[in-house]
Structure formats: structure tokens, C-alpha cells
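Everything on this sheet refers to the single structure shown next.
The values are calculated or read from the model by the stated rules, or taken from the named source; none is laboratory data. All values reported here derive from a predicted model rather than from experimental measurement. Quick reminder, even Gly has a Cβ in these numbers, built from the backbone with ideal geometry, and neighbours come from all protein chains shown.
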There are 2 protein chains.
Amino acid sequence: MKRVANFNAGPAALPLEALERGQREFVAFEGTGMSLLEHSHREPSYEKVHREAIGLLREYLSIPDTHDVLFMQGGARMQFAFVPLNLLQPGKSADYVVTGTWAKQAYEEATLVSKPYGSSARVVVSTEKDKKFTRVPETSEMSFDAEASYVHITSNNTLFGSQWASYPETGNVPLVADMTSDFGSRKVDWSKIALAYAGAQKNIGPAGVTVVVGRKDLIQAGRTDIPQIFRYKGYADSESLLNTPPVFAIYMLRNTVRALLDWGGLEVIEAECKAKAALLYGLCDSLSDFYRAPVETKSRSTVNVVFQLPSEELDKKFLSEAKAAGLVGLKGHRSVGGLRASIYTAVRMPSVQLLAEFMRTFAAANR
Amino acid sequence: MKRVANFNAGPAALPLEALERGQREFVAFEGTGMSLLEHSHREPSYEKVHREAIGLLREYLSIPDTHDVLFMQGGARMQFAFVPLNLLQPGKSADYVVTGTWAKQAYEEATLVSKPYGSSARVVVSTEKDKKFTRVPETSEMSFDAEASYVHITSNNTLFGSQWASYPETGNVPLVADMTSDFGSRKVDWSKIALAYAGAQKNIGPAGVTVVVGRKDLIQAGRTDIPQIFRYKGYADSESLLNTPPVFAIYMLRNTVRALLDWGGLEVIEAECKAKAALLYGLCDSLSDFYRAPVETKSRSTVNVVFQLPSEELDKKFLSEAKAAGLVGLKGHRSVGGLRASIYTAVRMPSVQLLAEFMRTFAAANR
């Protein structure tokens, strides 16, 4: 069967070669007489996959030796709790910039986590207006606490489609970023990032593994009055083999990052994401009487293009005709409505061109 | 290539039909034009898999409506923290029966978790003697705190190979069990179990998903002063779709439990586990000048058969010749040494007969 053009917001499209390799090796892995799913995580054949996954991520994202690369579980939402548990020192405060639903939840979890330890979380600024987040804040709106344990931002807002073009300056206060929806789609200046985390299921792999990239000194200085299994240090010291890792998700992440490197690496992927986004936003702007892209121009996401049609009836018609044309996953998040095209790393330009062509035709027929 | 006889302690052997189905459907899932790994977890095609996995587990293990079935992440070790976070009420205490390394860690995590909330954990009894755990305790050794929030046990000790033949009576105090290594291999009287948890990667699926089965009233009454993502209630109320679940691990769990049901269901599987264990222990006992099974007879595990040879040199020779004969995963845990045959649900009797035959021949040649 023909593969669809997949605009799912996550789990999302994966490189076909990563999937085909997964299928080929699925039952019998590399002459071991068993599936990788049946391997002990302490066997050299699995350890090789595990280390390759870390190595390829380092190569792809130019992650320096100053930072550890950890594989964890539970998604970004688990990190909403693990970040303050590890990094928010008793009696201190952490600063949160609230630019979307997940940023808000990260702040709320930090509040719950900090209470019994006498620490706290603070909202620096929120761009929520009438329950919509259509921009990231201006520098002038943010006044950080110089004594904060860290500043937390959400690099890309998956639901509303806004993104930080560049990260705020936080001086000596460590900058922590939830990069779930754009990790792997853009270059990162690691000298400015103390800790980043991302569920893999958008740009770099399947659901079931969360990547944490953090400064070694910060991880080593993490709190030790929290459960061992919550401590970044335990994952760092064991190369993420503290307990049984999500073996197959890590294997598929490796296959995915391998494919992204084979396609030309991050420079090519980032340029393609920008070009895909420019095509769709350009189309919306040129047909602005029909397609409305509500996010402020300079805050527009290069991976989640959110747009609206004149009516909910047209939304439904759009989704149904798009599906018939082999374009799926275009429904906006249930809390936002409208439409959304997630154009992550593995959604190549030809798929986006198909969508743009469909949008032109649909507008002509329905405006 | 011929499949090996796989005695890995976990991740471990899976039913061949579960793997073959996984392979067949891997790139294009059920006419959707994409892999299941690329599906949104909110799509009906995935939700069907998700609900089937829950339904098949309920059917296979006869889990009544009084209990919820949750899918979580992070393995049993994450549950070491989540259990006290959810169930250990502020100011109260929890009782731990320490019968192995993981039971001890569960107690230690509970101690760390409880401190900031003014609660505590208590060791009822430990069967650790000279760093070895070779038995579960007698009833007479256990005096439970009638005011405890719960009593925690480890149903099967993976490392040392001991198992509770029947669970202790705890009166009105809820009994919580880490069932990671025997969940799915034996019947459970759910009227006696308040909450059980298990990493799937031993008897019922791959690594990457943790099953929690808990009484609904207990889950609903769980603490609300902890992060949302730690609360059992959140998973229960959302049918474990609180955030992105580990989609593919749940799919493979479904395939695995489907196969176990097709093989005859839990009655057949439990009888087979007992017969496999009896074969190996019987052989050790009949050749007791060569093979020593250190676990006390009535505490012997039906899924992890631990045994020792007269010398470490013979251990190495055994492992190397066994591997050449297509028998893998027989090395004891690095903290215990010796040998261990993990004979979980998907390790069928013919594989265990091959191992027994090998052990007879090896003893004859080396005693």
C-alpha cells in the first residue's frame, strides 16, 4: 500500500529506511538467533546499539563533551517533575516562561514538586491571552530572578504553533528547555543550554524514550534527597543502563538519526524545515481571506504550522478531502481546534508540496 | 537462522508468533499507509490496539472490575517511588518485607520519598543473610503494623531465585506486590492484592511498558499533593492515555498475551512453568554433588532457577558449551554469580528439556 503523507503531531512520521531496517531485523537480530526485543540489555549486541544511538545523536546535534546524553522514560511530562526534583534546590525558586499549555503544566508540576522541600516556582511572564498562546515574549517582558535555580522555557509550542527563534539570555542562571517538538529539527548552541529534554516521538524516533541533554556539572550536582530512579546522575553514571532501558525505542531512535545523517545531517534538515514552513505560511498569507495563521510572524514555528479556516464545517470538509487525497494528521489539537500541519524532520518537502497544492485547490473550490 | 533457546532474565524470550506478527505489520499497519510507530495515540486504529491489550490482560489474568489496569513507563524501579508517593499517607508508615535486592531498593526509595512528607517506611523482616537471599520468611517472622498504609512484598526474587508460594495475610492493610518477574506466569487471587506492578519484559511483553493493576478505590483515594504525572488516578481516569504511551511496547504486549491465550491461557502456562522448574530442580537435586540449588525448597522460584557449579572455571565452561549448543542467557546476575535459567512464559518445555539434557551430559563429562 502507498504510504500516506503523515502530518501527525507525534507520534509522527519516521524515515522509511529506519522502518524497513526495523522490519528486516525484527525477528532475528544480527545473527543472534533472537529478536532485539529478547536481548538482555547487558549483552554486547544491545550495548552496541545503545552506544551508537548516543553517538549518532551527539554527531547529529553537535553535542559537546560538556554535556551528557541520557535516555529516560515517561515523556516530557515526566520531566516536568524530574527537572525541579533534580535541579530546584531546597529553599530556592525557579523561573518559568509560560508560552503554551505544556509550559503551564511544567510550571504547575514544579509548584507541586517544590512545596514539601520549601522551594517554589514562579511565572516570569505568560503569553496566554484568551486561552490562546500566539507568540513568545519580548525580551522587555522578561525579568529573571538572578538567584533562581534555573529558568525553564518550552522551545516550541506544539499545540499553538509558536517557537522561540532565539533563546532568552539568562546570565548565570542555567537555562532549561523542553525541546520535545523541535529537538532534532534545528541547531542548538549548547553553550547556552544547561539542560534540554525531549520525547523522541516527534523528530528523532518513536514514542517510549525521552532524551535528556544536560551539562555534566549540573547533573553531578543534582539533589540526592530524591529517589535514585529520579536522579539524572544515576542515568549519567550508568550510561542510561541504570535499569532496563526501553530497548526497542532506543534502537528505532538510532535508525532514525542514522537516516537523518544520511539525508545530509542537521544543516540540511533545518533548512528543509524552514523551507517547508515558509511554503505553508506563505500560502496562508497569500490566501489570507481563507487561511488564517494566527501566530505572530516572528514567533511562527518551523515544525507545527497552525492555521484556521472560515468555519468548522470547512475544517471537517478539509480533513475529509485531505484524507482521501492521502494527507493525514491535519486536525488541530483538541484543546485548540482548527488545523495543524506538523512538518517534522521525516516529513520531506514532496509531502509538504502535496499539501500546499491541496490547500490551493481546496481554497479555490471553497472560498 | 535457527532460534536459540533463550534463558535471559529480562528482556527475555517472546512468542515467535508475536514477533512474526510484529514484523509483518511493521512498516504498513492495517491498511493505514503508515507504521504503528507513526500513528497518533489518539487515532482509533491505535486506541483499538491499546484497549485490546488491556482487555486481553484482564482475560488472561482474570482481573476483576474492582481493579484498574494501567500502562506506565520506567520499569519496576520507577514504581518503587510511585507506590509510596501515591499510597503512603503523610504521617503514616508502610511495611516492607525484604526478600531480595529489589525489595531492599523498594524500601530504600520509600524511605527517601516519605521523608519530606513526614511519613516513613519500615522493614518487617529481611531474609538477607551473608548478602544472600535464599528464602521467603515464615509467617511467624512477620508482624505487620495494623496502621500501615500498605505492606509491600516482592512476589518473585529474580536474582536469587526465591518466590512466595502464597502471599502473607495482612488483614485490613492493603497488600502491594512487585510482581515483575512472575506476573503472567501464575494465577493471582486479586481479592488479596491491593496493587501489583510489573515491568513487562519478563513474561508478558518487551521492555518499555510497566503494568500496574490496582484496586479502583485505592487508586481514586491516592494522594493529590504529588505531581500529576506520578498519580495512578490520572492514568486510570484516562485509560492510560494521559500522555503519549509507549505505543509499540503496548502493541507487542498485546501480541504476546494473545499468543499466551492461544497456547491455552494461564492454567496451561502456570502448569508448564511448574513442570519446567520441577525438571530443573529435580535434576539439580539428583546430581547434587555437582549442581547446587541454594534456595530453600519451599521458596524455590518457578521462573528463575538459580544453581551453582563446583567452581568458577566450570561456570565459564558451562556457559561457553551451552552457548555452542544454542542455549543462551544462563549466566547468573552479576551481583550473585553462578548460573540461572529464567524459564518465563515464552520459554516452552522443549527448550527446558534441551537444557536438562545438556546439564546431564555436562555433569557426566565434568564431575
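Observations on the structure shown:
- The number of residues in the range B:186-201 that are part of a loop (DSSP other than H, G, I, E, B) and more than 14 Å from chain A (Cβ to nearest Cβ) comes to 6.
- Flag if residue A:135 is within 14 Å of chain B (Cβ to nearest Cβ) and farther than 12 Å from residue A:150 by Cβ: no
- Failed condition for residue A:264, given (1) under 23 Å from the mean Cα position of the chain (by Cα); (2) free of Cβ contacts under 8 Å to residues at least 12 places away in the same chain; (3) within 18 Å of residue B:108 (Cβ to Cβ): (3)
- Subset of the range B:35-50 (residues that are assigned to a helix (DSSP H, G or I) and either more than 23 Å from residue A:13 (Cα to Cα) or within 14 Å of chain A (Cβ to nearest Cβ) (or both)): B:36, B:37, B:38, B:44, B:45, B:46, B:47, B:49, B:50
- Members of the range B:328-361 found to be surrounded by fewer than 23 Cβ atoms within 10 Å (Cβ to Cβ), touching an Asp or Glu at 6+ places or on another chain (Cβ under 9 Å) and in a loop (DSSP other than H, G, I, E, B), listed by number: B:332, B:337, B:338, B:348
- Residue that is surrounded by the most Cβ atoms within 10 Å (Cβ to Cβ) [pool: residues in the range B:1-18 that are within 7 Å of another protein chain (Cβ to nearest Cβ) and either in a helix (DSSP H, G or I) or free of Cβ contacts under 8 Å to residues at least 24 places away in the same chain (or both)]: B:3
- Among the conditions (1) of a type in the set (D, E, K, R); (2) within 29 Å of residue A:117 (Cα to Cα); (3) more than 14 Å from every other protein chain (Cβ to nearest Cβ), residue B:215 misses just one, which is (2).
- Filtered residues of the range B:19-54 (kept if surrounded by 24 or more Cβ atoms within 10 Å (Cβ to Cβ) and charged (D, E, K, R)): B:38
- If you go through the range A:66-90 and pick out every residue that is farther than 17 Å from residue A:242 by Cβ and within 13 Å of chain B (Cβ to nearest Cβ), you end up with 9.
- Residue B:77 being within 24 Å of residue A:209 (Cα to Cα), surrounded by 18 or more Cβ atoms within 10 Å (Cβ to Cβ) and of a type in the set (D, E, K, R): yes
- Here is the figure for the range A:19-34: residues that are facing another protein chain (nearest Cβ under 7 Å) and either in a helix (DSSP H, G or I) or within 25 Å of the chain's Cα centre (by Cα) (or both) total 4.
- Among all positions in the range B:75-86, there is no residue which is touching a Leu at 6+ places or on another chain (Cβ under 9 Å), in a helix (DSSP H, G or I) and under 21 Å from residue A:36 (Cβ atoms).
- One residue stands out in the range A:242-256 among those that are at the interface with chain B (Cβ under 7 Å from one of its Cβ atoms) and assigned to a helix (DSSP H, G or I): the one that is farthest from residue B:36 (Cα to Cα), namely A:247.
- Among the conditions (1) buried (at least 24 other Cβ atoms within 10 Å of the Cβ); (2) in contact with a His (Cβ under 9 Å, 6 or more places away or on another chain); (3) within 12 Å of another protein chain (Cβ to nearest Cβ), residue A:95 misses just one, which is (3).
- Residue list for the range A:180-232, filter: of a type in the set (Asp, Glu) and surrounded by fewer than 23 Cβ atoms within 10 Å (Cβ to Cβ): A:189, A:217, A:225
- The one condition from (1) in a helix (DSSP H, G or I); (2) away from every other protein chain (no Cβ under 14 Å); (3) surrounded by 20 or more Cβ atoms within 10 Å (Cβ to Cβ); (4) out of contact with any Ser or Thr (no Cβ under 8 Å at 6 or more places or on another chain) that residue B:306 does not meet is (1).
- Residue within the range A:163-174 that is touching a strand residue (DSSP E or B) at 6+ places or on another chain (Cβ under 6 Å) and crowded, with 24+ Cβ neighbours inside 10 Å present: yes
- Test: residue in the range A:311-327 that is assigned to a loop (DSSP other than H, G, I, E, B) and in contact (Cβ under 8 Å) with a residue 24 or more places away in the chain: yes
- The set of residues in the range B:1-41 being more than 17 Å from residue A:5 (Cα to Cα), aromatic (Phe, Trp, Tyr) and in the same structural domain as residue B:184 (by TED's automatic domain parsing) consists of B:26 alone.
- Qualifying position, being within 20 Å of the chain's Cα centre (by Cα), in a loop (DSSP other than H, G, I, E, B) and of a type outside the set (D, E, K, R), among A:136, A:97: A:136
- Residue that is farthest from residue A:305 (Cα to Cα) [pool: residues in the range A:140-165 that are hydrophobic (A, V, I, L, M, F, W, C) and outside any loop (DSSP other than H, G, I, E, B)]: A:151
- Put simply, of B:147, B:109 the only residue that is in contact (Cβ under 8 Å) with a residue 24 or more places away in the chain, in the same structural domain as residue B:214 (by TED's automatic domain parsing), under 24 Å from residue B:301 (Cβ atoms) and out of contact with any Gly (no Cβ under 8 Å at 6 or more places or on another chain) is B:109.
- Scanning the range B:265-303 for residues that are among the basic types (Lys, Arg) and part of a helix (DSSP H, G or I), we see that the one that is surrounded by the fewest Cβ atoms within 10 Å (Cβ to Cβ) is B:298.
- Selection status of residue B:49, in the same structural domain as residue B:156 (by TED's automatic domain parsing) and either without any contact (Cβ under 8 Å) to a residue 12 or more places away in the chain or polar (S, T, N, Q) (or both): no
- Within the range A:224-241, the set of residues being touching a helix residue (DSSP H, G or I) at 6+ places or on another chain (Cβ under 6 Å) and not in a helix (DSSP H, G or I) comprises A:226, A:227.
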